[in-house]
Amino acid sequence: MIKPQKNVSLKAYNTLGIDVQAAFFMLINNLQDLHDARDFCRLQGCPWLLIGGGSNLVLTQDFVGLVMLMAMSKLDWTSHTDGLEVCAESGCEWDALVAESVTRGASGLENLSLIPGQVGAAPIQNIGAYGVEVKQSLRWVDVFDFNTGSCFKLTAKACEFGYRDSIFKRQPHWIVMRVNLQLGHRVAGNKPAQLSYGIIAHTIESMTGQPPEAATGQQIRDAVIHIRQSKLPDPKQLPNVGSFFKNPIVSAHQTAKIEQQWPELVAYKLEEGGFKLAAGWLIDQLGWKGYSQDGVGVHQLQALVLVATGAAVTGGEVLALAQRIQADVLARFDVVLDIEPRLFDSRGEFWLS
Ligand code: FAD
Ligand code: NAP
């Protein structure tokens, strides 16, 4: 029987730097560790929580059960005539995988450069940036069911990917152990670069002096890194969990109604109908950008990012600010903002109504 560490601070394991404790804590290095952890929780009758890079969660209380830190990190690359396949264990760092894919001449992940966190968390919210989502490269994942102790493979289709969404949000007892991605060979012209976000093409042009369509994978990656570093706070300098709210999807009718009062509204028409509103723009219009009080605030350059400016911020304080912003946006635009990071109290996940 394993002996997890007791009363471990989770401050170093979440990018908001919230200092709560785990009653029990262990690293997951292999499948056997998952079985042992499961046996431990069943014997103790305690809840469990798996953490990757801790860049998409808010911890609001000491956790009474077992916190597991994913540390399985083997990588396996295979070259095919039509591209490169990578099988990565969940504990690999996402951006290191992207960097290596670019070095190996593979295409498909460049726009997802510099997203913090682990490979295993990428399918959970179907990470996305600059018009690319991980679902476009993912072929299958290996899953460990913490309820039954069984392992199984899930195809991309079975993952039910959506906008910042997947089946894993509805099956929280499924742990992703391994992710398989199929990437293209940039030289062969497979998977052409995704340049639909104007800022990417513009930045490539100004950094290289070349037309964006001719950019190498490394040049696209460099442009994405440049843009992100110029406007997003580095969690190591200014603790945060990235976008705190999802971009709301609303009807054409509601979009037109808002535009009557706010003609500059930033809205993107969706193929499947309706419009995606830029949540950051809505929040910015209400004057929240740069707001800071009692150790929590709204980032000066991106209103979608809440930041912990104080040393001893609690998850509750961050959520209190989030709720004020949600109420303001609802009152002024009649738009509901959903929180993107996952919220945890002493026994597990909870949702704000
Ligand atoms: P964690 O925060 O550790 O976990 C998040 C959730 O996933 C938790 O519920 C956890 O239990 C669960 N989980 C983690 N690993 C597994 C696993 N192996 N199996 C099952 N469940 C698991 N996100 C984007 O989509 N696009 C962006 O461009 C982006 N930019 C960001 C920029 C910054 C500065 C920051 C701080 C965050 C950003 N994010 C972005 C959010 C975040 O980085 C991603 O969601 C990332 O995938 C989270 O990975 P993680 O390992 O930190 O997950
Ligand atoms: P931005 O470029 O200021 O754009 C604001 C919003 O407009 C984004 O949310 C984006 O939606 C949308 N948008 C912009 N151009 C678009 C286009 N051509 N077509 C459709 N939608 C468009 O956003 P940002 O905050 O700097 O982020 C840049 C990218 O990184 C975005 O894709 C964003 O999702 C991603 N990002 C995500 C997180 C996170 O934690 N989830 C954190 C930082 C950055 P989308 O968000 O749907 O792309």
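The residue that is surrounded by the fewest Cβ atoms within 10 Å (Cβ to Cβ), counting only those in the range 1-26 that are touching a Gly at 6+ places or on another chain (Cβ under 9 Å) and part of a strand (DSSP E or B), is 23. In the range 161-172, the residue that is farthest from ligand 1 (Cβ to nearest atom) out of those that are closer than 22 Å to residue 31 by Cα and open to solvent by less than 40 Å² (accessible area, probe 1.4 Å) is 167. Within the range 153-171, residues that are among the small types (Gly, Ala, Ser) reach partners that are assigned to a loop (DSSP other than H, G, I, E, B) with beta carbons closer than 8 Å, at six or more positions or on different chains, in the pairs 162/126; 166/123; 166/124; 166/125; 166/126; 166/160. Residue count for the range 142-190 satisfying the condition of being among the β-branched types (Val, Ile, Thr) and out of contact with any helix residue (DSSP H, G or I) (no Cβ under 7 Å at 6 or more places or on another chain): 4. Somewhere in the range 60-67, is a residue within 25 Å of residue 182 (Cα to Cα) and touching a residue at least 12 places away in the same chain (Cβ under 8 Å)? No: the range 60-67 contains no residue that is within 25 Å of residue 182 (Cα to Cα) and touching a residue at least 12 places away in the same chain (Cβ under 8 Å). Whether any residue in the range 195-216 is within 16 Å of ligand 1 (Cβ to nearest atom), in a helix (DSSP H, G or I) and over 30 Å from residue 292 (Cα atoms) is what I want to check. For the range 195-216, residues within 16 Å of ligand 1 (Cβ to nearest atom), in a helix (DSSP H, G or I) and over 30 Å from residue 292 (Cα atoms): present.
Condition test on residue 113, is it open to solvent by 40 Å² or more (accessible area, probe 1.4 Å) and of a type in the set (S, T, N, Q)? So residue 113 fails the test.
Note on the range 222-259: among residues that are in contact with a strand residue (DSSP E or B) (Cβ under 9 Å, 6 or more places away or on another chain) and of a type in the set (Ser, Thr, Tyr), the one that is least open to solvent (accessible area, probe 1.4 Å) is 255.
When you look at residue 289, is it surrounded by 17 or more Cβ atoms within 10 Å (Cβ to Cβ), assigned to a strand (DSSP E or B) and either within 16 Å of ligand 1 (Cβ to nearest atom) or at pLDDT 95 or above (or both), yes or no? Here the answer is no, as residue 289 does not meet what is asked. Pairing each residue of the range 230-251 that is in contact (Cβ under 8 Å) with a residue 40 or more places away in the chain and under 18 Å from residue 57 (Cβ atoms) with any residue that is within 11 Å of ligand 2 (Cβ to nearest atom) and among the basic types (Lys, Arg), provided the two are 6+ apart or on different chains, yields C-beta distances under 6 Å for 246/164.
If you go through the range 116-145 and keep only what is near ligand 1 (Cβ under 6 Å from one of its atoms), open to solvent by less than 30 Å² (accessible area, probe 1.4 Å) and among the hydrophobic types (A, V, I, L, M, F, W, C), you end up with 122, 127, 129.
The number of residues in the range 104-133 that are in a helix (DSSP H, G or I) and farther than 15 Å from residue 184 by Cβ comes to 3.
The set of residues in the range 319-347 being within 16 Å of ligand 2 (Cβ to nearest atom), more than 30 Å from residue 8 (Cβ to Cβ) and either of a type in the set (Val, Ile, Thr) or assigned to a helix (DSSP H, G or I) (or both) consists of 325, 329, 333, 335. Only one entry in 352, 330 is more than 22 Å from the chain's Cα centre (by Cα), surrounded by fewer than 14 Cβ atoms within 10 Å (Cβ to Cβ) and more than 20 Å from residue 53 (Cα to Cα), namely 330.
The values are calculated or read from the model by the stated rules, or taken from the named source; none is laboratory data. Please read all numbers here as calculations on a predicted model, not as lab measurements. So basically every Cβ, Gly included, is an ideal-geometry build from the backbone, and we count neighbours across all protein chains shown. Please note that ligands, DNA and RNA were not included when accessible areas were found on the heavy atoms of the full protein model with its side chains. Shrake-Rupley method; radii C 1.70, N 1.55, O 1.52, S 1.80 Å.
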